[in-house]
Amino acid sequence: MKRYILTILFLLTLLLPAYGAGNKPVLRMVTSANFPPYEFHDNNTIVGIDVDIVREIAKRNNFDLLIEDMKFDSIIAAVQTGKGDIAASAITVTEDRKKMVDFSIPYVTSRQVIIVPGDSLIDSGKVLKGKRIGVQHGTTGDNYVTENIGEPQRYDDASMAITALLKGKLDAVVLDYEPSQVHAAKNPALKILEEPLFFEEYAFAVAKGRGQLLAVINQTLSQLKKDGVLTEIRKKYEKHTEEVVKNVTEEKYTGIAGDFYTNFVKDNRWQYLVDGFYVTIAVAVSSVLFGVLIGFVVAVIRSTADQTGKLKIANFFCRLYLAVIRGTPVVLQLLIIYFVVFGSVDVDKVLVAIIAFGINSGAYVAEIIRSGIMSVDRGQMEAGRSLGFSYLQTMNLIILPQAFKNVLPALGNEFIVLLKETSVCGFIALQDLTKGGDIIRSQTYNAFMPLIAVALIYLLLVVIFSKLLEILEKRLKRNE
Ligand code: ARG
């Protein structure tokens with residue numbers, strides 16, 4: 001048993017991402033990188049106006065910058081709970097938010113506008129009642145529409161709303177002006193109604209009680225304004241938008257080849273899939289190993305308790321674990337581990353995912369292995385004991401190897417389930433395979449190509465793995 005455990009632990013450490021700390025203090029920026037030109041993915045890095053400004057703040061104050069990507073509606077909570085130091089995400093200063101965090105001096109005045117299809121009859125905010133309106137969840141646009149017009153359709157990012165608008169599933173989208181310009185530039189079929197719904201100001205947010213950090217941010221921001229660096233940064237991204245327009249008008253290929261080119265080749269977008277693939281594999285394989293480790297221990301405790309009446313307390317906790325884990329959705333477990341358990345500590349998201357999926361899978365593996373142990377004839381235990389082996393020795397040398405063989409198909413199946421289940425990693429903004437495809441979708445507004453590609457990759461993985469399992473099973477049978 002010890003050998004199994006040690007091997008598994010060793011493999012786990014191999015798969016864990018190495019993370020070391022630099023020597024400078026770290027400034028952790030939290031953002032929701034789906035908001036060009038303020039924060040977005042470009043060539044596999046997060047860039048944008050906010051990123052450049054905070055980078056400058058970090059540089060001038062001798063911090064190392066670390067960027068953490070998450071959903072927009074989690075950002076305020078993230079700085080509140082200490083998951084990040086500075087929230088920079090085109091965040092509008094509002095009275096409600098001021099109750100939860102402290103804001104820096106504003107760095108941009110912006111406005112909310114309406115985007116509609118070019119041929120739409122909607123020509124002002126006054127005729128939006130009863131229309132299907134898309135917004136990004138948790139934004140000021142969302143609040144405005146909810147309070148003044150009616151229930152909007154809430155999306156995780158604006159590009160999803162834009163895609164829905166392009167497909168005729170919405171009549172209008174309410175969004176900040178500059179991001180709207182980028183979306184309209186990329187999609188000539190859309191137009192922006194220039195008349196603003198309302199004006200607002202963006203600022204950075206920090207947790208309450210971090211006056212010192214806030215002072216540093218404000219000081220540097222004023223300086224950046226004075227130096228003209230702020231204007232420079234904004235100009236740089238205006239150019240970026242212009243470039244986007246140029247690229248749209250001189251697309252190299254058309255039809256399916258064109259779609260393929262934009263979704264995978266252009267800007268090295270395929271890299272999102274490759275990177276995501278590695279994350280998915282690392283999470284799935286490590287957590288299944290972790291799960292098998294937990295599963296073994298729990299199964300042995302459970303069956304020992306069943307058969308000998310010992311280990312009552314341990315058995316109670318094992319049953320509690322099984323009930324809780326199998327009784328709640330894995331997404332919730334992932335969110336709880338990320339936001340609550342590791343709420344205020346800085347842990348690598350890959351590690352968080354491995355722990356969450358490992359604990360989750362362990363519950364299923366435990367029952368699989370227990371059924372394996374039950375399936376081994378009771379006489380085997382008696383035979384082992386009468387040969388002079390202890391209970392644990394018999395378990396280890398006689399029962400478990402047979403049990404393992406019996407449950408191999410079920411364990412293989414568990415891995416297949418887990419592999420696909422890791423696709424919810426995007427909930428904590430971990431860039432797994434699914435999220436990689438989703439980032440491409442958000443950049444190209446094309447759902448078909450990236451999502452089908454991702455589906456095919458999962459399918460291929462499962463087919464290959466099933467084949468391997470089949471071969472292994474045949475081998476074991478031959479060895480009998
Ligand atoms: N300015 C709006 C707000 O604060 C939208 C910001 C959305 N930002 C983002 N990175 N997605 O609610």
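The values are calculated or read from the model by the stated rules, or taken from the named source; none is laboratory data. These numbers come from a predicted model, not from an experiment. Cβ: placed from backbone, ideal geometry, glycine included. Neighbour counts: every protein chain shown. With ligands, DNA and RNA removed, areas are computed over all heavy atoms of the protein, side chains included. Shrake-Rupley method; radii C 1.70, N 1.55, O 1.52, S 1.80 Å.
As a summary of the residue check, T328 satisfies the conditions (1) in contact (Cβ under 8 Å) with a residue 60 or more places away in the chain; (2) exposed (fewer than 15 other Cβ atoms within 10 Å of the Cβ); (3) assigned to a loop (DSSP other than H, G, I, E, B) except for the one numbered (1).
All of A185, A164 fail the test of being more than 16 Å from the ligand (Cβ to nearest atom), part of a helix (DSSP H, G or I) and either open to solvent by 20 Å² or more (accessible area, probe 1.4 Å) or touching a residue at least 60 places away in the same chain (Cβ under 8 Å) (or both), apart from A185.
Note on region 223-274: residues that are acidic (D, E) and under 21 Å from D438 (Cβ atoms) total 2.
The number of residues in region 86-113 that are closer than 21 Å to T231 by Cα, in contact with a Ser or Thr (Cβ under 8 Å, 6 or more places away or on another chain) and away from the ligand (no atom under 11 Å from the Cβ) comes to 1.
Looking only at region 138-161, residues that are charged (D, E, K, R) and open to solvent by less than 50 Å² (accessible area, probe 1.4 Å) come to 2 in all. Among the residues of region 121-137, just one is small (G, A, S), farther than 13 Å from A161 by Cβ and surrounded by 17 or more Cβ atoms within 10 Å (Cβ to Cβ), namely G125. Let me confirm something: among V174, V116, which residue is within 16 Å of the ligand (Cβ to nearest atom) and touching a strand residue (DSSP E or B) at 6+ places or on another chain (Cβ under 9 Å)? Of V174, V116, the one residue that is within 16 Å of the ligand (Cβ to nearest atom) and touching a strand residue (DSSP E or B) at 6+ places or on another chain (Cβ under 9 Å) is V174. Any residue in region 36-45 that is of a type outside the set (F, W, Y), within 14 Å of the ligand (Cβ to nearest atom), in a loop (DSSP other than H, G, I, E, B) and modelled with pLDDT under 95? Checked against the condition, which is being of a type outside the set (F, W, Y), within 14 Å of the ligand (Cβ to nearest atom), in a loop (DSSP other than H, G, I, E, B) and modelled with pLDDT under 95, region 36-45 yields at least one hit. Out of all the residues in region 67-84, is one or more under 25 Å from the mean Cα position of the chain (by Cα) and free of Cβ contacts under 8 Å to residues at least 12 places away in the same chain? No - not one qualifying residue is present in region 67-84. Selection of region 60-73 for residues being within 16 Å of the ligand (Cβ to nearest atom) and either open to solvent by 40 Å² or more (accessible area, probe 1.4 Å) or at positive phi (or both) yields I67, K71, D73.
Go over the candidates R302, R370 one by one and state the one that is charged (D, E, K, R), assigned to a helix (DSSP H, G or I), open to solvent by less than 50 Å² (accessible area, probe 1.4 Å) and in contact with a Cys (Cβ under 9 Å, 6 or more places away or on another chain). Result: R302 is the single residue among R302, R370 that is charged (D, E, K, R), assigned to a helix (DSSP H, G or I), open to solvent by less than 50 Å² (accessible area, probe 1.4 Å) and in contact with a Cys (Cβ under 9 Å, 6 or more places away or on another chain). Of I76, I57, all but one fail to be in a helix (DSSP H, G or I), more than 10 Å from the ligand (Cβ to nearest atom) and more than 17 Å from K349 (Cα to Cα); the exception is I57. Residues that are open to solvent by less than 40 Å² (accessible area, probe 1.4 Å) and part of a helix (DSSP H, G or I) within region 268-288 comprise Y272, L273, G276, V279, T280, A282, V283, A284, S286, S287, V288, listed in sequence order. Residues in region 124-161 that are more than 9 Å from the ligand (Cβ to nearest atom), under 23 Å from M449 (Cα atoms) and either of a type in the set (D, E, K, R) or assigned to a helix (DSSP H, G or I) (or both): D156, S159, M160, A161. Scan region 304-327 and tell me whether some residue there is within 22 Å of the chain's Cα centre (by Cα) and closer than 15 Å to V283 by Cα. Looking through region 304-327, none of the residues is within 22 Å of the chain's Cα centre (by Cα) and closer than 15 Å to V283 by Cα. Quickly run through region 188-211 and pick out the residues that are part of a loop (DSSP other than H, G, I, E, B) and out of contact with any Leu (no Cβ under 7 Å at 6 or more places or on another chain). Residues satisfying the conditions are P188, A203, F204, K208, G209, R210. When V350 is tested against the conditions (1) over 25 Å from the mean Cα position of the chain (by Cα); (2) buried (at least 21 other Cβ atoms within 10 Å of the Cβ), the lone failure is (1). Would you check if there is a residue in region 432-440 being out of contact with any Ser or Thr (no Cβ under 9 Å at 6 or more places or on another chain) and not in a helix (DSSP H, G or I)? No, because not a single residue in region 432-440 is out of contact with any Ser or Thr (no Cβ under 9 Å at 6 or more places or on another chain) and not in a helix (DSSP H, G or I).
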